[in-house]
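Every read-out reported here was derived from the displayed coordinates using simple, explicitly stated rules and does not represent laboratory data. Small disclaimer: the values here were computed from a predicted structure and weren't measured. Every residue, glycine as well, gets a Cβ built from its backbone with ideal geometry; the counts of neighbours run over all protein chains shown.
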Amino acid sequence: MEYHKLFNDKSDLYAKIRPHYPQKLYTFLATLCEEKKSAWDVACGNGQAAVDLAKHFDEVYATDISEEQIANAIKNPGVSYSVQSAEKTNFDENYFDLVCVAQALHWFDYDLFFPEVKRVLKPNGIFTAWGYAWFSISDEIDKTIKENFLTPIKPYWAPRNKLLWDHYRNVPFPFEKVDPPQIEMKMKWDFNQLFAYIQTWSSARQCIKEEGDEFLIHTDKALKSAWGDTSQKKTVVMDFTLLIGMNKV
């Protein structure tokens, strides 16, 4: 399956709705790098990580195999976007101080990807990958989402998502591990923000294509009842995974 095509549909919505990562993450990664000249954001999607990396590095290169994602990426003078495969790029050897993968490590061919990372990463450069899976708001809301939304879309999850759900424990990691800091990923969202976000999930888009949007209508009604005042912002806590390693040679 060509997994990148899962994110072509509604890539404009994806760019607007996806949650942002904590600034503490980027600050910590920058402190690990001997130099802060260049960073590569792999499978950059809407470019949100690339833009934040540009606050710490002289130049950031952001690549994605999806032309639609690149077309909708956040414009920033410190970020150079290009459509490239994660497993084969046109970058020079030993070029990057940092290579990062946000919310995408589970999609790659590791036999090809990690040699490419080692080719372009400087000696003692830093590789990092992170992602978020399920979220929690309250017992009642969580149960409502599970019954009305998660159950219908369950057959449409790509098998590789399980790698992230398992916190990347089954992904090979050919780097010297660095202990990550404690990072919490939380958002304050109202009903509309949360409901828009879950519609960006690839499994939700696939379910809509195959079965229509009736399950969304049921979810909307049930979730509004559980939420109460839909303008009220609630704390959304993500299950966050972070891997960091050094390219020891």
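Computed from the Cα positions only, the extents of the stretch 68-110 along the three principal axes stand at 28, 24, 17 Å, in decreasing order.
The helix-based estimate of mean residue ellipticity at 222 nm for the chain, built from -39,500 (n - 2.57) per DSSP H run of four or more residues and divided by its residue count, is -9000 deg cm²/dmol to the nearest 500.
The dipole here belongs to the chain: it is taken about the Cα centre, uses +1 on the Cβ of Lys and Arg and -1 on the Cβ of Asp and Glu, and is about 400 debye. Please compute the length gained on full extension between Lys75 and Thr230, using 0.36 nm multiplied by the number of residues separating them and subtracting their Cα-Cα distance. Length difference between fully extended and current span is 52.6 nm. Label-to-label distance, Val178 versus Val237, with points set 7 angstrom from Cα along the beta-carbon direction: 2.8 nm.
Output the pairs from Lys24/Lys224; Lys186/Lys248; Lys75/Lys234; Lys37/Lys75 with a Cα-Cα distance over 26 Å in this structure; if there are none, say none.
Over 26 Å Cα-Cα: Lys24/Lys224; Lys186/Lys248; Lys75/Lys234.
Protection proxy ranking for 137-149, 236-248, using the average of other Cβ atoms within 10 Å per residue and placing the highest first: 236-248, 137-149.
Charge tally for Ile217 (other residues, Cβ to Cβ under 15 Å; Lys, Arg +1; Asp, Glu -1): -3. For the chain, the relative contact order is 22 percent, taking Cα pairs closer than 8 Å that sit 6 or more residues apart in sequence and dividing their mean separation by the residue count. Sorting 38-51, 200-213, 102-115, 120-133 by their mean Cβ neighbour count within 10 Å, with the most densely packed peptide first, gives 38-51, 120-133, 102-115, 200-213.
For the stretch 94-212, the Cα gyration tensor yields ellipsoid semi-axes of 33, 18, 12 Å (square root of five times each eigenvalue, largest first, whole Å). Local charge for Phe96 was computed over the other residues whose Cβ lies under 13 Å away, with Lys and Arg +1 and Asp and Glu -1, and equals -4.
Taking a spot 7 Å from the Cα of Ser82 along the direction of its beta carbon, which residues of the stretch 91-109 have an amide N less than 12 Å from it? Zone members listed by number: 91-93. Taken over the Cα atoms of the chain, the convex hull encloses 122 Å³ per residue.
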